[in-house]
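Since the structure comes first, as structure tokens, the remarks are kept for the end.
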Amino acid sequence: MIVACLGDSITAGSPLWDPDPDVRAGIDVPEERSQWQWWAARRGVGLELRNHGVYGERTDQISARLDDAVRGADVLIVQGGINDVVQGRPVEEAARHLAGMVERGQRLGLAVGLADVLPWNNGDARAASDIERLNVLVHELAGRAGVPLLPFHSTLVDPERPHRMRDGLSDDGDHPSVEGHRLLGELAFRLP
């Protein structure tokens, strides 16, 4: 089963990995395990998870790559939204782009899954509020569309500091650590 994983740097595996060999060549110690897909593939026999993550992309930019990403795929996993928050764009707009990707995937006959947005340790109060609001919209979207929600946020969140990933689950405050990716791939990833 071919699973197209479409998203931003969280899907790409930044900062320790990137699916683009040219970008990866500039990483000091490329760490393939810094992708939630790497871990998920080890749990799912017969899964081919294709990484279509691009660092820094907003949901509108991710959406523009959907058709190429899903060629030959059986399943589409949609992840994105943090860069919309980082750039101060309206979360309702990001949710519309995510909804459009889910709908396009369904129209193409793909099983579709949707990930919510991780806490951002380096973010401020405005970003935390935007992530919270966007995740409400993402959860509502998953319910309306009848697609599985990949609970990225709750898998890594610090229950005592709900706007941060737990200690040890982020190396840079922006992205999951290898351990964070392991948890996402082993616990949060669920095939639609």
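The values are calculated or read from the model by the stated rules, or taken from the named source; none is laboratory data. The model shown is predicted, which means the values in this text are computed figures rather than measured ones. Don't worry about glycine lacking a Cβ; one is built from the backbone with ideal geometry, like all the others, and counts go over all protein chains shown. Note: areas computed on protein heavy atoms with side chains; ligands, DNA, RNA excluded. Shrake-Rupley method; radii C 1.70, N 1.55, O 1.52, S 1.80 Å.
When each of the peptides 147-157, 165-175 is scored by how many other beta carbons lie within 10 Å of its residues on average, the order from highest to lowest is 147-157, 165-175. Residues whose amide H lies under 5 Å from that of VAL112, counting only those 5 or more places away or on a different chain, are LEU76; hydrogens are built 1.01 Å from N in the peptide plane. For the peptides 48-55, 65-72, the ranking by packing is 48-55, 65-72, with the highest mean count of neighbouring Cβ atoms within 10 Å listed first. Rounded to the nearest Hz, the phi-derived 3J(HN,Hα) couplings of segment 127-140 under the Karplus curve 6.51 cos²θ - 1.76 cosθ + 1.60 (θ = phi - 60°) are 5, 4, 5, 5, 5, 4, 5, 4, 5, 4, 5, 5, 5, 4, where x marks glycine and proline.
Classify the chain as rounded, prolate or oblate from the Cα gyration tensor: take a ≥ b ≥ c as the square roots of its eigenvalues, call it rounded if a/c is under 1.5, otherwise prolate when a/b beats b/c and oblate if not. Rounded shape, in that the Cα axes give a/c under 1.5. Of the GluC sites (Glu not before Pro) in segment 81-168, which ones lie in a loop per DSSP and count no more than 13 other C-beta atoms within 10 Å? Here the sparse-neighbourhood loop sites are GLU160. Classified by the C-alpha gyration tensor, segment 115-155 has an oblate form. Its axis ratio a/c, with a ≥ b ≥ c, is 1.5 or above, and a/b does not exceed b/c.
Using only the Cα atoms of segment 38-88, build the gyration tensor, take square roots of its eigenvalues as a ≥ b ≥ c, and label the shape rounded, prolate or oblate: rounded if a/c is under 1.5, else prolate if a/b is larger than b/c, else oblate. Oblate, since a/c reaches 1.5 and b/c is not below a/b.
Taking other residues whose beta carbon is less than 14 angstrom from the beta carbon of MET165, and scoring Lys, Arg as +1 and Asp, Glu as -1, yields -4. Measuring nothing but protein heavy atoms, the accessible surface of segment 1-124 at 1.4 Å probe radius is 48 percent carbon and sulfur.
A Gaussian network model of the chain, with springs between Cα atoms under 10 Å, assigns the largest mean-square fluctuation among PRO90, PRO176, PRO15 to PRO90.
Each residue of segment 84-94 is assigned a 3J(HN,Hα), and the resulting list reads 5, 5, 4, 8, x, 7, x, 5, 5, 5, 4 Hz, derived from the Karplus form 6.51 cos²θ - 1.76 cosθ + 1.60 (θ = phi - 60°), x at Gly and Pro. Cβ-Cβ distance of VAL23 and ASP67, R₀ of 22 Å, FRET efficiency by 1/(1 + (r/R0)^6): the value works out to about 0.50. Between ALA40, ALA125, ALA95, the GNM of the chain built on Cα springs shorter than 10 angstrom shows ALA125 fluctuating the most.
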